[in-house]
Amino acid sequence: MKHMRALNKKAARIDNYVSSRTEDVIALQDHSAQRPHVPMGCALMFSPGWEVDAAGGTAGLCQPVERDIYDCFVSCYWPAQVPDHLNNATDWISKCATATKDWRNLDIIFP
Amino acid sequence: MTLATEPRVYRLGEFHRFESQDSEFLYLVPAGAIFAVDEAVAKLIATLSAGELEHQHLVDALTASGLSISDAEELISEMYHAGVIAASDSIREQTQPLPDVFPIQTLVMNLTNQCNLSCQYCYEFGADKVATPEGKPKFMDLPTAKASVDFLLAQSGDRRAIHITFFGGETLMNFPLLKEVVTYANEKAKEQGRNIDFSLTTNATLLTPAIIQFLSENHIGVTVSMDGPKEMHDQLRVFANGKGSYDIIEPKVRALIENHRTRPITARVTLTSGVSDVIRIFRHLKQDLGFHEVGFAPVTSSPNQLYSIGQKGMDGMLEQFHVLADEYLEYAVRGEAHGFSNVSDTLAELCQGVNKSHPCGAGLGLLGVGPSGDLAPCHRFVDSDQHALGHISTGIDREKQADFLQRGHIDSKYDCHTCWARPLCAGGCHHEAFVRYGDTGHPNLHYCDWIRDWTNKCLEIYGAIAVRNPGFLQQFAERKAAQ
């Protein structure tokens, strides 16, 4: 909130609530005063799978579409269809220690 | 499709405003939330203090005082959603019904109703007593004690941490039983993979090196009922022959503080008409004797007892509380513990932002059990037939419990509904209410002004710490009830 600073737990909950009511969903590329809460995404690091790079283009991205799911799998909240890393594909990224070097090792999973 | 809506008409919401360290704060009453606010909020409040305003008029008034239109709109929207201002479409918080079963967290076991002192103000034996111990056991026996522990474990649901507090009478008059309960309860809790901790309240007359060692080894928290230096302590805390107990307990208390190293040792002071020099009492107990924490409460009594503290005494007490509270702040800014527990207890509640349905956990997460096995809302009602809530062998009498809780619920206390201090106070002690008004559900109207003043002071301290050393408040962030 712009005009009030939460000082206890209840205030923090109200702060969250007010944000949810007064702020809007905005695009990553939207450079308006209101910044997105999440995610930082690929603009700051190599992370296969984002549609645009820091400049708003696709020059930095060269992965085939299958790789698109990597970041959803590793760190993102995005509700994409990702390999089930809890049960069936626990070792999906085991060969990809460093995304910038090893992204080619991310394989497609067939059910 | 377009829906035509009436423009909102805004009014002030329910909050308490306070200042500290040249900063402005709001305590939002229905929530118990504390905010630091800026000048724009102050402007908005000033504007609406004159009366209700329609949306556009409010925007106009704010822009006239220097805000841009978009800033004004944003401010109104934020304040509306936070509840600082309200409109006819504001959602009024519905009170939640009590859960059918509320797991017990604390059992206060009155190991005996006998005492070796004859303090005149005692709520258990004095003129205002509610206990009816005639014909009941004077000492709890082992089967009843074990049944009490089993009862606590069974009734505490999935709470990981549970507490047993030993009480009396004079608790240590039944020390052999206390030892057995600690051993038994530890065994049982271990079997279930749970944590149980213990504390006790004592008048310290019966402390011995062996007892102190046992208490320390078993991490048993100790609260000593003590009223200050000799001339004050001995006024009312006397043996049956009228002789004061200070000289007996002073060396024992020193030995306790010296040798019990596993839990903080607390003093609990009862203030009366003759014993009201709070600052001197605090200095003696904290600095001379070395208690870690010292807490004060005015005596519970009907208004006409000689020792009851009266309006003038309450005012004097408040003044001295303020002095110690300011001192507490200076300590907190340096990151040091001060030991005035009336402040730290309130800060802990403010940090959580509590908004109580009931003044305390009595009859809800806390029960008392007497030597006979009778259950009571808390230790103060133990052995009172009128207030019994069942028996350890038959369990909680749900009907009586529901009646007690319904009476004590903030919704039943109409006088409290317009008071900004109700989230913390909730009408005050059930026992005090019964002694004063003959009804556990009556709000304690005799100390409303006092509570509001003290709550305001604690809010100021909270705000000041939040400005000058916010890290200090972190220690209060852990919620006891969530364990």
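Only the coordinates and a few stated rules stand behind these numbers; no lab work does. Only a predicted model underlies this, so the values are computations on that prediction, with no experimental measurement involved. Cβ coordinates were reconstructed from backbone atoms using ideal geometry, including for glycine residues, and neighbour counts include every protein chain displayed.
The distance from the alpha carbon centre of segment B:263-281 to that of segment B:1-70 is 43 Å, rounded to a whole number. Full extension of the chain between B:Tyr414 and B:Glu6 yields a length gain of 143.6 nm, computed as 0.36 nm times the residue separation minus the alpha carbon distance. A convex hull fitted around the alpha carbon atoms of segment B:9-86 yields 83 Å³ per residue.
Just the Kirkwood number for the protein assembly as shown, please: inverse of mean 1/r across all distinct Cα pairs, in Å, one decimal. Final number for the Kirkwood radius of the protein assembly as shown is 28.0 Å. Using 0.36 nm per residue and subtracting the Cα-Cα separation, the extra length available between B:Ser65 and B:Glu14 on full extension is 16.0 nm.
Spacing of the modelled spin labels on B:Asp22 and B:Ala147, each 7 Å from Cα toward Cβ, amounts to 6.6 nm. Other protein chain C-beta atoms within 10 Å of residue C-beta, averaged over B:31-41: 6.
Using the rule -39500 (n - 2.57) for each DSSP H run of four or more residues, divided by the residues of chain B, the 222 nm mean residue ellipticity is -11500 deg cm²/dmol.
Subtracting the Cα-Cα distance of B:Val333 and B:Phe214 from 0.36 nm times their residue separation leaves 39.2 nm of extension gain.
Given a Förster distance of 60 angstrom, what is the FRET efficiency for B:Ser90 paired with B:Ala240, based on the Cβ-Cβ distance and rounded to 0.05? In this case the efficiency is close to 0.50. Put simply, when B:22-33, B:136-147 are sorted by average Cβ atoms within 10 angstrom per residue, most first, you get B:22-33, B:136-147. Among B:Met173, A:Met4, sorting on how many other beta-carbon atoms sit within 10 Å of each Cβ, with the fewest leading, yields B:Met173, A:Met4.
DSSP bridge analysis restricted to chain B gives an antiparallel fraction near 45%, rounded to the nearest 5. Ordering B:Gln287, B:Phe239, B:Leu256 by Cα displacement along the dipole of segment B:238-351 toward the positive end leaves B:Phe239 in first place; charges were set at the Cβ atoms of Lys, Arg (+1) and Asp, Glu (-1). Close amide H partners of B:Phe15, meaning residues 5 or more places away or on another chain with modelled amide H under 5 Å apart, are B:Val29.
With θ taken as phi - 60° and the Karplus curve 6.51 cos²θ - 1.76 cosθ + 1.60 applied, the whole-hertz 3J(HN,Hα) list for segment B:363-379 is x, 10, x, 9, 9, x, 10, x, x, 7, x, 5, 8, 9, x, 7, 4 Hz, x standing for glycine and proline. Taking every DSSP bridge with both residues inside the protein assembly as shown, close to 45 percent are antiparallel. Centre-to-centre separation between the Cα atoms of segment B:297-350 and those of segment A:1-22: 31 Å. Applying 1/(1 + (r/R0)^6) with r as the Cβ-Cβ distance of A:Arg13 and B:Leu98 and R0 = 22 angstrom yields a FRET efficiency of 0.50.
Normalising by residue count, chain B has a Cα convex hull of 173 Å³ per residue.
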